[in-house]
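Undergrad: The structure follows.
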Amino acid sequence: MAVKVYGTVESACTQRVIACLLEMGVDFELVHVDLDAGEHKRPEFLVHQPFGQVPVIEDGDFRLYESRAIVRYYVAKYADRVPSLMGNNLEERAMVDQWLEVEAHNFNDLIFTLVLQLVILPRMGEPGDLALAHSCEQKLEKVLDVYEQRLSKCNYLAGDSFTLADLSHLPGIRYLMNEANMGHLITERKNVNGWWQDISNRPSWKKLMKLAGY
Amino acid sequence: MDQMRPVVYCLLCLLFVLDHITILPIMAAIKVHGSPLSTNTLRVLATVYEKELDHEFVLIDMSAGEHKKEHFLSTHNPFGQVPAFEDGDLKLFESRAITNYIACEYADKGTQLIYQDSKKMAITSVWMEVESQQYEQIAAKLAWELVYKPLLLGMSADTAIVEENEHRLAKVLDIYESRLAQSKYLGGDCFTLADLHHLPTLHYLFGTQVKKLFDSRPHVSAWIADITARPAWLKALALQSQQ
């Protein structure tokens, strides 16, 4: 039975889960949640995700939310399919975890705030805080300098293989390069750009882009 | 007497040597670099104590900006943040990656902090993400305004930011209240990293006006009383008064 993924194909967090399921060859069915109509804030939805957010997965009777918990579960569940997505031993796994945490704590907030101020609020007819956006951009420059240095030493964030740590960045960077118009942050950095070209050309990500109609 | 002289001579040589050699300390394989005032460092220290692991705590002088200097950046954490961690040759940063590593590597020692069963671990993992994505950002903002700003910068809190984040925290805590009415700990029946990760910010917020938000929710309040009384947590906190 296919895993049901409740969310939207445009939502960064839903994309994180779909990208992982595509990488692992796990059958899934995307069940669209109408965010514009506030479906995710209704009682029926809150029963499954009390924070009123997407995505949620339903695998038979088993339900999970929080995209990073979901991807970790599936990588562990199907470790025999693509074993290196979480590293091959405990030390490699710790490195993957380290860069997953970097994405969650040093990277994601800045991207989210940028996209909120530059894209989402204007779309809703509200003015974005350009000073805040600029401040995020400056902080992101410093963070990406660290990535540039890291990627001068190895091909991928956690080492020499593509892992969840790289995959987790795909949705956010796509937003940065497209709707937020901040592609220069990536293209100005040789190693970061090379890494982005590599990971965004993976068949699973290209399949997702097609699904999303980009 | 003549037969005693070589023996005495040997003993004297031995004593001389013992007086002059440096007894090398057994170097702990595990090192935690950070500050006992830092929530992220405390998260790792609590885990190390729960697992009863031999370790060395290396104090980083944050007021002197040690964590932003070249040596720290190149050796321990290029993002210039604490904690940093070593276990033999393995070097890590990001507190939650460190606690996860410790919980797995030393699964057979001290308190069991994760589940071996994949579905139970997945549920625990959900609440670890909730702490990281829903709770921490709000709690850290409140701790900054109400604790660190006055303490470190002598500045008063921004009341608008405090009010907004108290409101957000109340909503999150309603969800916790609901969860803890069904489950003794966030991940299930046992104390795990999902609970432990909350300890440092909880500790700071308890000393502020935000305490009322926790006290007014009976299941949350009982859970906090339980987890903050754990000996390992108290040991980690004790480092604050030693420095």
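Undergrad: With (1) closer than 24 Å to residue B:201 by Cα; (2) assigned to a helix (DSSP H, G or I) as the list, and residue B:85 as the residue in question, which single condition is left unmet?
TA: It is condition (2) that residue B:85 fails.
Undergrad: Answer yes or no as to whether residue A:161 is under 19 Å from the mean Cα position of the chain (by Cα), surrounded by fewer than 20 Cβ atoms within 10 Å (Cβ to Cβ) and over 19 Å from residue A:209 (Cα atoms).
TA: Yes, satisfied.
Undergrad: Still on this model: When you scan region A:18-35, how many residues do you find that are open to solvent by less than 10 Å² (accessible area, probe 1.4 Å) and closer than 17 Å to residue A:206 by Cβ?
TA: Residues that pass the stated criteria total 5.
Undergrad: Now a separate question. Given (1) at pLDDT 95 or above; (2) under 17 Å from residue B:140 (Cα atoms); (3) open to solvent by 20 Å² or more (accessible area, probe 1.4 Å), identify the lone condition not met by residue B:198.
TA: Every listed condition holds for residue B:198 apart from (3).
Undergrad: Going through region B:202-217 one residue at a time, which ones are open to solvent by 60 Å² or more (accessible area, probe 1.4 Å) and more than 16 Å from the chain's Cα centre (by Cα)?
TA: Correct list: B:206, B:207, B:209, B:211, B:212, B:215, B:216.
Undergrad: Limited to region A:81-101, what total is found for residues that are in contact with a helix residue (DSSP H, G or I) (Cβ under 6 Å, 6 or more places away or on another chain) and at the interface with chain B (Cβ under 9 Å from one of its Cβ atoms)? Explain how you work it out, then say what you get.
TA: Taking region A:81-101 first, the residues in contact with a helix residue (DSSP H, G or I) (Cβ under 6 Å, 6 or more places away or on another chain) are A:81-82, A:85-87, A:90, A:93-94, A:96-101.
Filter once more, keeping what is at the interface with chain B (Cβ under 9 Å from one of its Cβ atoms): A:90, A:93-94, A:96-101.
Count: 9.
Residues checked against (1) touching a helix residue (DSSP H, G or I) at 6+ places or on another chain (Cβ under 8 Å); (2) modelled with pLDDT of 95 or more; (3) surrounded by 14 or more Cβ atoms within 10 Å (Cβ to Cβ); (4) under 28 Å from residue B:48 (Cα atoms):
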residue	(1), (2), (3), (4)
B:106	no, yes, yes, yes
B:109	no, yes, no, yes
B:114	yes, yes, yes, yes
B:123	no, yes, yes, yes
B:135	yes, yes, yes, yes
B:138	yes, yes, yes, yes
B:149	no, no, yes, no
B:166	yes, yes, yes, no
B:172	yes, yes, yes, no
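Undergrad: Tell me the residue from B:169, B:199, B:146, B:180 that is under 18 Å from the mean Cα position of the chain (by Cα) and touching a residue at least 12 places away in the same chain (Cβ under 8 Å), please. Before the answer, list the steps.
TA: Details: B:169 fails: under 18 Å from the mean Cα position of the chain (by Cα); B:146 fails: under 18 Å from the mean Cα position of the chain (by Cα); B:180 fails: under 18 Å from the mean Cα position of the chain (by Cα).
B:199 is the lone residue from the list that is under 18 Å from the mean Cα position of the chain (by Cα) and touching a residue at least 12 places away in the same chain (Cβ under 8 Å).
Undergrad: Follow-up. Would you mind finding the one in A:10, A:29 that is in a loop (DSSP other than H, G, I, E, B), in contact (Cβ under 8 Å) with a residue 12 or more places away in the chain and of a type in the set (Asp, Glu)? Give the derivation first.
TA: Working: A:29 fails: in a loop (DSSP other than H, G, I, E, B).
After ruling out the rest, the residue left standing is A:10.
Undergrad: Limited to region A:102-148, what total is found for residues that are under 15 Å from residue A:176 (Cβ atoms), within 13 Å of another protein chain (Cβ to nearest Cβ) and among the hydrophobic types (A, V, I, L, M, F, W, C)?
TA: 6
Undergrad: Name the residues in region A:28-48 that are more than 10 Å from chain B (Cβ to nearest Cβ) and either within 21 Å of residue B:179 (Cβ to Cβ) or touching a Leu at 6+ places or on another chain (Cβ under 7 Å) (or both), would you?
TA: Within region A:28-48, A:28, A:40, A:41, A:42, A:43, A:44, A:45, A:47, A:48 qualify.
Undergrad: Moving to a separate point now. Do you know which residues across region A:13-26 are outside any helix (DSSP H, G or I) and of a type in the set (D, E, K, R)?
TA: The answer is none; no residue qualifies.
Undergrad: From the set of residues in region B:111-127 that are in a helix (DSSP H, G or I) and either more than 10 Å from every other protein chain (Cβ to nearest Cβ) or within 13 Å of residue B:191 (Cβ to Cβ) (or both), which is farthest from the chain's Cα centre (by Cα)? Steps first, answer last, please.
TA: The first filter runs over region B:111-127 and keeps only residues in a helix (DSSP H, G or I), leaving B:118-127.
Checking which are either more than 10 Å from every other protein chain (Cβ to nearest Cβ) or within 13 Å of residue B:191 (Cβ to Cβ) (or both) leaves us with B:120, B:124, B:127.
On the way: B:120: 23, B:124: 18, B:127: 18 Å.
Among those that are in a helix (DSSP H, G or I) and either more than 10 Å from every other protein chain (Cβ to nearest Cβ) or within 13 Å of residue B:191 (Cβ to Cβ) (or both), it is B:120.
Undergrad: What pairs come up if the first residue lies in region A:170-199 and is free of Cβ contacts under 8 Å to residues at least 24 places away in the same chain and within 12 Å of residue A:141 (Cα to Cα), the second is open to solvent by 20 Å² or more (accessible area, probe 1.4 Å) and among the aliphatic types (A, V, I, L, M), and their beta carbons are under 7 Å apart, counting only those six or more places apart or on different chains?
TA: Here the result reads A:183/A:177, each pair linking region A:170-199 to a residue that is open to solvent by 20 Å² or more (accessible area, probe 1.4 Å) and among the aliphatic types (A, V, I, L, M).
Undergrad: Suppose we filter region B:46-102 for residues that are open to solvent by less than 40 Å² (accessible area, probe 1.4 Å) and polar (S, T, N, Q); how many remain?
TA: Qualifying residue count for the region: 5.
Undergrad: Something else now. Please pick out the residue among A:202, A:174 that is open to solvent by 30 Å² or more (accessible area, probe 1.4 Å), under 15 Å from the mean Cα position of the chain (by Cα) and within 17 Å of residue A:20 (Cβ to Cβ).
TA: Answer to the selection: A:202.
Undergrad: Within region A:123-145, count every residue that is without any contact (Cβ under 8 Å) to a residue 12 or more places away in the chain and open to solvent by less than 60 Å² (accessible area, probe 1.4 Å).
TA: Counting residues in region A:123-145 that are without any contact (Cβ under 8 Å) to a residue 12 or more places away in the chain and open to solvent by less than 60 Å² (accessible area, probe 1.4 Å) gives 1.
Undergrad: Only one of (1) crowded, with 16+ Cβ neighbours inside 10 Å; (2) away from chain A (no Cβ under 13 Å); (3) under 20 Å from residue B:42 (Cα atoms) is not met by residue B:157, so which one is it?
TA: Failing condition for residue B:157: (3).
Undergrad: Among the residues of region A:57-67, which ones are within 17 Å of residue A:24 (Cβ to Cβ), open to solvent by 10 Å² or more (accessible area, probe 1.4 Å) and within 7 Å of chain B (Cβ to nearest Cβ)?
TA: Across region A:57-67, the qualifying residue is only A:62.
Undergrad: Sticking with this structure for a sec: Quick one: residue B:37 ticks every box in (1) of a type in the set (A, V, I, L, M); (2) open to solvent by less than 40 Å² (accessible area, probe 1.4 Å); (3) in contact (Cβ under 8 Å) with a residue 60 or more places away in the chain bar one, so which box is it?
TA: (2)
Undergrad: Looking at residue A:53 and the list (1) part of a helix (DSSP H, G or I); (2) open to solvent by 60 Å² or more (accessible area, probe 1.4 Å), which single condition is not satisfied?
TA: If we test residue A:53 against (1) part of a helix (DSSP H, G or I); (2) open to solvent by 60 Å² or more (accessible area, probe 1.4 Å), just (1) comes out false.
The values are calculated or read from the model by the stated rules, or taken from the named source; none is laboratory data. Not measured: the values here are computed from a predicted model. Using ideal geometry, Cβ is built from the backbone for each residue, glycine included, and neighbour counts are taken over all protein chains shown. SASA here: full protein model, heavy atoms, side chains in, ligands and nucleic acids out. Shrake-Rupley method; radii C 1.70, N 1.55, O 1.52, S 1.80 Å.
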